[in-house]
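Just so it is clear, none of the values below were taken in a lab; they were calculated from the coordinates. The model shown is predicted, which means the values in this text are computed figures rather than measured ones. Reconstructed Cβ throughout: ideal geometry from the backbone, glycine too, with neighbour counts over all protein chains shown.
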Amino acid sequence: MHYIFVAAGLSLLLLGGEMLVRGAVDLARRLGVSPLIIGLTIVAYGTSAPELLVSLEANLSGFPGIAIGNVIGSNIANILLIVGCSAMIYPIACNGKGVNLNGIAVLGATVLLTALGMTGTIGPAAALPMLMLLAGFTAYSYYAGRKDARAAAKALEDEGFGDGVKTLPKAILILAIGLVGVILGSHLLVTGAVHLARNFGISEATIGLTLVALGTSLPELATAIVAAYRRHSDVALGNVVGSNLFNILGIMGIVPLFGALDVPASVGRFDLWVMLGATVIFVGWTMLCGAFGRVMAALFLLAYAGYIACHYLGISALAMGHA
């Protein structure tokens, strides 16, 4: 039964996340919102809605290990797995001032989360500044990129959003159905994952860092694969940056408002540093090199496989001791 819960939860998250993003994009278009702000916020943030709802559900249910593990694991998966898969299909171009600025922003946010995680607890006092930083980044992205509105609109078409629905009620209906699917899927996934963790003696943090994180990253993965097949895998680059920023500043800005998050010691000793290391490499490569080619993509995928193996083979636990 627990396997059914997990499978159903992952399926609903994927389908609900897809409808949620499409509905949000269509709604924004019907309301006359700039295509640029849609691409930078609604698409990237919308695909992170599963992470938000799963982490919120987990924290409210008394499983902070899954809540914090989901965010950290999703950011690791976004970089190593999603960039790796996308670049393996088609190389990702990473040139331009905007890429560098966004890279610095996501690196700064990652350093901030690592520092907060090392304190052992993330509470409301730290959460509110994160939301302010996210609002500031969103506003800056909008005003700095207004001249590229046509390029942003084409990027949305390349991601498969096209013209969307023609009426406002239909857009709202699609958005509502997607939101219900994501909420129900997150509940099923957390319920099934917690019971599986207990049955197999696996820590809640490990389940959050791997299974739950991978499941909630499926919308980003699906978007990246579609974009890569259409020879626009650079779209995945922006989606990864936007999603990682929202995971840190948005989710870690909202979830602790409903109860302080205790960071498991094992996460502070191992996973936070894996996330930081992956982000440093990712940002450094985007700033210093012209593209992510297939060789780098293969290294990313191998690194992600090694990370998962460290958890399920107990290597990380042996290296740092049980929390």
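For the reader, a short list of remarks on this structure follows.
- Listed by Cβ neighbour count within 10 Å, with the fewest neighbours leading, Asp271, Asp262, Asp26 appear as Asp262, Asp26, Asp271.
- In order along region 50-59, the phi-based Karplus estimate (6.51 cos²θ - 1.76 cosθ + 1.60, θ = phi - 60°) of 3J(HN,Hα) comes to x, 4, 4, 5, 5, 5, 5, 4, 5, 5 Hz; Gly and Pro are listed as x.
- Between region 235-255 and region 51-85, the Cα center-to-center distance that results, in Å: 11
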